[in-house]
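Values in this text are rule-based calculations from the coordinates and carry no lab data. Note that this is a predicted model, so its numbers are computed, not measured. Positions of Cβ are generated from backbone atoms using ideal geometry, with glycine treated the same way; all protein chains shown enter the neighbour counts.
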Amino acid sequence: MLLEINKLTKYFGGLAAISNFDMVVNELEIVGLIGPNGAGKTTLFNLITGVLKPTSGKVKFDGKDITGKKPHVVAELGIGRTFQLNPLFADYTVLENVAASFNLRPKSSYVDAYFNTATYRKNEADILNQSLEILQLVGLDKIQDELAKNLPHGYQKMLGIGRALAVKPKLLLLDEPLGGMNSDEIDFTMTAIRKTRQRGVTVVVVEHNMKIMDLCDRVIVINFGHKIAEGSPKEVRGNKEVIQAYFGVAHVA
């Protein structure tokens, strides 16, 4: 198990946004976490990555208890993530955005940078090469010199994934990567996500777009902070409680 969540609960006042939630993610899986808007999906990501501290419960990653650890500590341990609203450097190029994300684990000292030492130049060249590899993976290599603010919405989403990959994660958490995309952009993004697994990255995808199930090995459905179903995409599609959560009681009848 790469990620293990046990009895995770988060209250906001008297509201339980996440309640006694259990989840396991195995290495090299692509797991979908789906549910209606407001179901608690992003809150769960925020609890995993340390943006929020849980009221109770445990989060373990790669055998280590990371419950309540600060976000930069969680990232250094090997968890990368994207956000619904991409925090890009708008006036940086596509390439510069990815290269900047490597600074989580700087290899050069301030002295090396100030004096432009051979070590600093070598490390910068390595970052450049790795950034170009990531852009090729996510399909943005041909627009590497474009400013982030000028990119179409779908490309901005893909740049967010590229930045997350620069952290060199073992686990990649994608928060609604298909949001606002047209059908061509969705196909493009899903292909890029599949390629990340080829690099040895485990993926958990939060979505309310049911198309994501075509990508996943296993799907977990959350509603009002509770897990209501788990299984293969085929099993989940036929689950009456899932249909009710998405479409209402009349649809089930």
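Which entries of Lys41/Lys227; Lys41/Lys149; Lys149/Lys195; Lys41/Lys211; Lys122/Lys142; Lys157/Lys234 show an alpha-carbon separation above 22 angstrom in the structure shown? Beyond 22 Å between Cα atoms: Lys41/Lys149; Lys149/Lys195; Lys122/Lys142; Lys157/Lys234. Seen against the Cα atoms of the chain and their longest principal axis, helix 183-198 is set at about 70 degrees.
Applying both filters, DSSP loop and at most 14 other Cβ atoms within 10 Å, to the chymotrypsin sites (Phe, Trp or Tyr not before Pro) of region 149-253 eliminates every site. Put in order of Cβ neighbour count within 10 Å, fewest first, the listed residues Asp112, Asp187 become Asp187, Asp112. The separation of region 2-17 from region 145-197, counted between C-alpha centres, amounts to 27 Å.
The angle between the Cα long axis of helix 118-137 and the main principal axis of the chain comes to about 40°, on a 0 to 90 degree scale.
What number in nm² do you get for region 98-207 if you take the convex hull of its Cα atoms and divide its surface by four? Could the numbers behind the result be given before it?
Details: hull surface 29.8 nm².
Reported value for the Cα convex hull: 7.4 nm².
Each eigenvalue of the Cα gyration tensor of region 1-148, multiplied by 5 and square-rooted, gives one semi-axis; in descending order these are 35, 19, 15 Å.
Considering only Phe45, Gly13, Phe61, the residue lying farthest towards the positive end of the dipole of region 1-81 is Gly13, judged by Cα position with unit charges set on Cβ. Amide H contacts of Glu29 (H built 1.01 Å from N, in plane; Pro and chain starts excluded): Val203 sit under 5 Å, all sequence-distant by 5 or more or on other chains.
Evaluate 2.2 N^0.38 Å with N set to the residue count of region 179-253, then give the Cα radius of gyration divided by it.
Working: Rg = 13.8 Å, N = 75, 2.2 N^0.38 = 11.3 Å.
Dividing the Cα radius of gyration by 2.2 N^0.38 Å gives 1.22.
In units of the rule-of-thumb radius 2.2 N^0.38 Å, region 210-249 shows an alpha carbon radius of gyration of 1.08. Quick one: Debye curve from the C-alpha atoms of the chain, no solvent, what's log10 I(q)/I(0) at q = 0.11 Å⁻¹? Log10 I(q)/I(0), no solvent term: -0.61.
Report for the chain the percent antiparallel among DSSP-assigned beta bridges with both residues inside it, nearest 5. Walk me through the numbers before you get to the answer.
Working: 20 of 37 bridges.
Counting only bridges with both partners in the chain, antiparallel ones make up about 55 percent.
Per residue, the convex hull spanned by the Cα atoms of region 139-202 amounts to 89 cubic angstrom. For region 1-81, the fraction of C-alpha pairs more than 18 angstrom apart is 37%. For region 138-224, trypsin sites (Lys or Arg not before Pro) are listed when DSSP marks them as loop and at most 13 other Cβ atoms sit within 10 Å of their Cβ; the list is Arg199.
By its C-alpha gyration tensor, with a ≥ b ≥ c as the square roots of the eigenvalues, how is region 86-160 shaped: rounded for a/c under 1.5, else prolate for a/b larger than b/c, else oblate? Please list the in-between numbers first.
Details: a/c = 2.62, a/b = 2.06, b/c = 1.28.
Cα axes put region 86-160 in the prolate bin.
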